[in-house]
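Undergrad: Dropping the structure in here first, questions after.
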Amino acid sequence: MPDKKDLKLLFSVPVIVAALGYFVDIYDLLLFSIVRPASLTALGIPQDQLFKQGETLIQWQMAGLLIGGLIWGVMGDKRGRLSVLFGSILLYSLANIGNGFVTNVTQYATLRFIAGLGLAGELGAGITLVSEILPVRLRGYGTALVATIGLFGAVLANIVSQFGWKEAYFIGGGLGLLLLIARISVFESGIFLKTKEQHVERGNLLQLVNNGQRLKKYLGCIFIGLPIWFVIGNLVSFSPEIAKSMGLTELITPGNAVMFAYIGLAFGDLTSGFGSQLIRSRKKMVLAFIALNFIFVCIFLFVPVETAFAFYARCFMLGFGIGYWALFVTIAAEQFGTNLRSTVATTVPNFIRGTLIPITWLFQYLRGRYDTIHGAFIVIVVTTIIALIALAVVDETYSRDLNYVEKD
């Protein structure tokens, strides 16, 4: 466990600011899921179209995240980690303020796409920076701290949404702009600056695909997290419709479902991050959480639930089960050299978010062919199998020294 000297490093300005950045990132990322029914109803969407239109808008947001991940990832390796932290938060802050002024679904989709572009840069750049400025013995603690603080942004989003969906977007954008001021005091990664002086090629996506071993590890890093966004993007985000399909008559709000799931996710990330340090293994801890997540999803789908309180407790359980989110991004950052680290750490979580698009298509097909519950079960089986295969091909990186570069 960290001593007093280590605690000073853990709670240094770059770590705290990265955590606050992720806090605002999660606030804005999950806000649409929370205000979806209220905002779409205000735009004149009929009740029977809320599910379908909501899925479409989330897909636009995820498409933005997918493209933004490539842009910010490459920029982080070419221009530095701080350029991403500044640029991404400015873009998604302005886009979220714009969301408060939308008058139709087309405008809404456009701004969710732009917000997605901006949101794509926050987590990867933050995790990369924290991983590079902290010593090996503290990396897992540091990234767990960033994730734990950051994930409570979903709690604030749910609270603020009670004042109105437009106001919630305005506040989210304002928080992001305030964070820009705090970022002024953050310093660049020393490892990156040393690599920059070496004049090695940085942020070249071709280096990830022109080498079989690197490509295999890269794809493995992506697909480890496949079950996570099915749980968040489908089971939690559309909890009112899923609860109804379970026969629950009490009112379920997406805001409460997201809030309880992300409280669980925060505790899960804290557990997996600290646990990986204690057992000195990233892969063993991720394996445990993938298995735990599968069990929790099966309980969520098949064990009868009769009250809203019990349903929200299940959402907390789902969140805890996917609590290896920050750990799998840390694994991605640790797999590759400094000249590709930001590219990988930024694209990996956003490619996973982007896979929500085909996963949603699959879920829609299976819902029509079977029903919501059994369709969800088939999806979680498929995504879990893929995640386990992916975990087998990545390296154990617990004690890896990150001061190196990838060469052709």
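The values are calculated or read from the model by the stated rules, or taken from the named source; none is laboratory data. What you see is a predicted model, and the numbers here were worked out from it, not measured in a lab. Cβ: placed from backbone, ideal geometry, glycine included. Neighbour counts: every protein chain shown. Quick note on the areas: whole protein, heavy atoms, side chains included, nothing else; ligands and nucleic acids left out. Shrake-Rupley method; radii C 1.70, N 1.55, O 1.52, S 1.80 Å.
Undergrad: Please find the FRET efficiency linking GLU306 to PHE267, where r is the Cβ-Cβ separation and R0 is fixed at 30 Å, and quote it to the nearest 0.05. Walk me through the intermediate numbers first.
TA: Numbers: r = 25 Å, r/R0 = 0.83.
The pair GLU306/PHE267 has a calculated efficiency of 0.75.
Undergrad: If you add up the charges near ILE97, with Lys and Arg at +1 and Asp and Glu at -1, over every other residue whose beta carbon is less than 14 angstrom from its beta carbon, what do you get?
TA: 0
Undergrad: Right, something else. Taking R0 as 35 Å, what's the FRET efficiency between LEU251 and ASN104 from their Cβ-Cβ distance, rounded to 0.05?
TA: Once rounded, the FRET efficiency stands at 0.80.
Undergrad: Follow-up. Go through 276-289, 367-380 and give me the packing order, highest mean Cβ count within 10 Å leading.
TA: 276-289, 367-380
Undergrad: How high is the relative contact order of the chain, in percent, counting Cα pairs under 8 Å that sit 6 or more residues apart?
TA: Contact order relative to length: 26 percent.
Undergrad: Can you give the angle from 0 to 90° between the axis of helix 13-42 and the longest principal axis of the chain, with both taken from C-alpha atoms, to the nearest 10?
TA: That works out to roughly 20 degrees.
Undergrad: Just to confirm the number: angle between the C-alpha axis of helix 105-119 and the first principal axis of the chain, 0 to 90 degrees, nearest 10?
TA: Roughly 30 degrees between the two axes.
Undergrad: As a check on your grasp of the helix formula, calculate [θ] at 222 nm for the chain: sum -39500 (n - 2.57) over DSSP H runs of n ≥ 4, divide by the residue count, round to the nearest 500.
TA: Per the formula, -25000 deg cm²/dmol.
Undergrad: OK, next. Rounded to a whole number, what % of the accessible area of the range 13-105 do carbon and sulfur atoms account for, probe 1.4 Å?
TA: On the way: 2180 of 3050 Å².
Taking all protein chains in place, the range 13-105 shows 72 percent carbon and sulfur surface.
Undergrad: Along its three principal axes, how long is the range 267-399 when you only count alpha carbons? Whole Å, largest extent first please.
TA: Largest to smallest, the principal-axis extents are 48, 30, 22 Å.
Undergrad: Over the range 32-156, calculate the relative contact order: mean separation of alpha carbon pairs under 8 Å at least 6 apart, over the residue count, as a percent. Before the final figure, lay out the partial values.
TA: Working: 125 pairs, mean separation 35.6, N = 125.
That works out to 29 percent.
Undergrad: While we're looking at this one, here's another question. If you place +1 on the Cβ of every Lys and Arg, -1 on the Cβ of every Asp and Glu, and leave all else neutral, what size is the dipole of the chain about its Cα centre, to the nearest 20 Debye?
TA: 640
Undergrad: Also, quick follow-up: Out of the total accessible area of the range 198-299 (probe 1.4 Å, heavy atoms of protein only), what percent is carbon and sulfur?
TA: Using a 1.4 Å probe with all protein chains present, the range 198-299 comes out at 67 percent carbon and sulfur.
Undergrad: Which value, in Å², gives the accessible area per residue of the chain when a 1.4 Å probe is used on the protein heavy atoms?
TA: About 37 Å² of surface per residue is accessible.
Undergrad: Of the peptides 63-72, 209-218, how do they stack up when ordered by the mean number of other Cβ atoms within 10 Å, highest first?
TA: Listed from highest to lowest mean packing, they are 63-72, 209-218.
Undergrad: Where a ≥ b ≥ c are the square roots of the eigenvalues of the C-alpha gyration tensor, would you call the range 358-399 rounded, which needs a/c under 1.5, or, failing that, prolate if a/b is larger than b/c, or oblate?
TA: Verdict is prolate for the range 358-399.
Undergrad: Over 23 Å between C-alpha atoms is what I'm after, so list which of LYS78/LYS284; LYS8/LYS284; LYS166/LYS244; LYS217/LYS283 land there.
TA: Flagged as over cut-off: LYS78/LYS284; LYS8/LYS284; LYS166/LYS244.
Undergrad: If you average the alpha carbon positions of the range 7-50 and of the range 86-148, how far apart do those two centres end up, in angstrom?
TA: 9
Undergrad: Along the Cα→Cβ direction, 7 angstrom out, place labels at GLU167 and VAL209. What is the inter-label distance in nm?
TA: Here the modelled spin labels are 4.8 nm apart.
Undergrad: When the accessible area of the range 317-408 is computed with all protein chains present and a 1.4 Å probe, what percentage of it is carbon and sulfur?
TA: 64
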